[in-house]
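Notes follow once the structure below has been shown.
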Amino acid sequence: MASKATIYLDTNRVISPISPLLFSGFAEHMGRMIYEGIYEPDSPHADENGLRKDVLEALRELNYRAIRYPGGNFLSGYRWEDGVGPKDQRPKRRDLAWQSTETNEFGTNEFIEFCKKIKTEPMFGVNMGTGTIQDAANLVEYCNAPVGTKYADLRASHGYKEPHKVKYWCVGNEMDGPWQIGHLDAPEYGAKAREAAKMMRWHDRDIKLVLCGSSNSQMPTYPEWDRTVLEYAWENIDYHSLHYYAGNNENDTASFLAMSAEFEAFVGTLEGTLRYVKAKRRSKHDVYLSWDEWNVWYKARLVHDVEGGWGKAPHLIEEIYNLEDALVVAQWMNVFLRKSDVLKIACLAQAVNVIAPILTTKDAMLKQSIYYPFMLFSKLASGTALDVAVKAPEYNTKLFGDMPLLDVSASYDEATNGHAIFIVNRSQTESITVDLNWQDRAPKSINNVYQLAGTDPKLANTYESPNNVISVKVASPTINGKTSTITLPPLSFTAIETSL
Ligand code: AHR
């Protein structure tokens with residue numbers, strides 16, 4: 001017999017408007033993300049600019065609102081001027097971060113064209129490792145200034161008279177990490193980021209800037225790094241970043257499926273840090289969080305210094321995603337909605353081949369399990385996030401103690417007058433019968449119910465068998481007065497779409 005649970009929903013109990021930028025991505029010059037991922041002129045799927053049409057189509061379906069580029073650790077050794085202008089004059093360079101050869105065939109303007117094709121906003125990073133604050137400011141001038149001065153004119157000479165109007169800018173990448181090229185201590189980075197941000201904004205008052213926060217919640221410098229750099233740069237930046245990669249190294253699926261506890265605690269601590277710094281600085285300015293690298297990543301780890309063997313587009317960290325990974329991704333996105341008052345940007349790392357929802361060979365493409373929860377959230381979550389109350393049975397985990405078997409978030413959009421409800425059943429064995437209790441208004445109809453489920457947490461999609469872990473439409477429950485009842489299978493993610 002299935003266990004019972006109740007989810008209470010009330011459209012008046014609003015957490016915050018949902019920032020569409022929570023459904024963003026990340027594309028680094030790393031492995032086969034750019035080359036062979038999105039850009040592959042000799043693929044049978046390439047368009048006139050060398051972009052993979054099949055990949056563009058799949059990325060459009062994910063509806064990324066922004067994509068962060070060009071790194072990642074690559075960013076901290078990148079000279080942006082290498083990647084603009086006539087392709088035959090661009091230098092080949094050694095990329096020290098991933099020990100690969102960077103041909104620079106793809107750079108700033110190619111990325112802008114790619115973004116236009118999938119209707120997403122570019123989110124550029126500036127190099128705070130080997131780069132100077134002047135280089136950072138020059139790139140903003142190159143992208144955003146009207147013609148008439150050196151770097152804007154350089155852009156025009158490359159075929160782009162009109163400014164690109166790039167709004168979102170990351171001031172460096174993971175500068176707290178000793179692995180980062182040009183890694184800095186917190187006061188050094190805080191001061192450099194502040195000065196870079198000042199110059200960048202003086203070129204364009206409309207840009208939004210993201211400061212580098214902790215690379216993960218296990219960093220020895222966390223959360224002191226965050227407090228320090230925020231104190232230096234508070235008034236000059238708009239967002240503070242956090243990164244995290246989750247893993248199931250111990251093959252402890254019960255704990256892995258409860259990872260939202262860790263994600264929520266990480267956001268909670270940084271939220272407290274933002275409040276502390278704002279109060280200490282007696283500031284009226286607000287800074288929000290940008291979770292600009294997040295994903296499951298533990299199976300395809302690298303041993304540093306032996307990564308790319310100096311090849312072009314080597315196979316690096318091509319993680320294969322299974323059912324349990326997709327359920328962790330789904331609850332991560334539940335956390336985005338539950339924390340939507342402070343979390344305004346989130347970039348799934350990465351987009352193609354490198355720890356990605358999409359894999360490619362020269363002539364084929366595969367959607368991995370994590371593709372589906374991302375697609376459903378990106379498509380259905382809009383308007384405001386609702387503060388749902390959940391009564392569910394608990395189970396015990398080694399890492400997080402007792403946890404509810406259900407992980408839930410919901411949204412309500414006034415424009416469409418509909419709910420979206422997202423539910424993960426973490427149980428590996430039990431179905432759960434859930435009463436959806438519509439506390440204020442019951443919907444007129446439950447339009448669609450999408451579900452991803454399976455019996456084997458390790459099952460993954462393959463080129464031969466691409467539909468092993470996908471979301472499918474299942475029967476909508478009926479509405480009986482103020483309740484609808486739905487039974488959720490074990491190891492499942494369900495997305496419910498209603499009309500009020
Ligand atoms: O996404 C892979 C790498 O993970 C990024 O380059 C870096 O920022 C992080 O450590």
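A few points about this structure:
- Beta bridges by DSSP in the chain, antiparallel share as percent, to the nearest 5: 60
- Residue among Leu343, Gly129, Asn49 farthest towards the positive dipole end of segment 19-380, charges placed on Cβ: Leu343
- Taken about its Cα centre, segment 1-155 carries a charge dipole of roughly 480 debye when the Cβ of each Lys and Arg holds +1 and the Cβ of each Asp and Glu holds -1.
- A dipole drawn for the chain from +1 and -1 charges on Cβ atoms has a positive end, and of Gly383, Tyr395, Gln218 the residue lying farthest that way is Gly383.
- Summed side-chain charge close to Asp325 - residues other than Asp325 whose Cβ falls under 10 Å, Lys, Arg +1, Asp, Glu -1: 0
- The chymotrypsin sites (Phe, Trp or Tyr not before Pro) of segment 221-268 include none that DSSP puts in a loop with a beta carbon having at most 12 other beta carbons within 10 Å.
- Neighbourhood charge, 11 Å Cβ-Cβ cut-off, centred on Ile15 and excluding it, Lys, Arg +1 and Asp, Glu -1: +1
- The length gained on full extension between Ala415 and Val390, counted as 0.36 nm times the residue separation minus their Cα-Cα distance, comes to 6.4 nm.
- Under the convention that each Lys and Arg Cβ holds +1 and each Asp and Glu Cβ holds -1, the size of the dipole of segment 210-344 around its Cα centre is about 640 debye.
- The residue among Ile38, Asn109, Ala233 whose Cα reaches farthest toward the positive pole of the charge dipole of segment 19-380, with charges on the beta-carbon of Lys, Arg, Asp and Glu, is Ala233.
- Set Lys280/Lys339; Lys119/Lys278; Lys192/Lys362; Lys284/Lys482 screened for pairs whose C-alpha atoms are more than 32 Å apart: Lys119/Lys278; Lys192/Lys362; Lys284/Lys482
- With the helix formula -39500 (n - 2.57) applied to DSSP H stretches of n ≥ 4, the chain reaches a computed 222 nm mean residue ellipticity of -7500 deg cm²/dmol.
- Compactness of segment 101-254, expressed as Rg and Dmax over alpha-carbon positions, Å: 17.3, 60
- Rounded to the nearest 20 debye, the dipole size of segment 19-380 about its Cα centre is 1120 debye, using +1 on the Cβ of Lys and Arg and -1 on the Cβ of Asp and Glu.
- When restricted to Cα atoms, the chain yields an Rg and a Dmax of 22.6, 73 Å, respectively.
Quick note: the coordinates plus some simple rules give every number you see, no bench work behind them. What you are looking at is a predicted structure, and each value in this text was computed from that prediction instead of being measured. With ideal geometry, Cβ positions are generated from the backbone for all residues, glycine too; neighbour counts draw on all protein chains shown.
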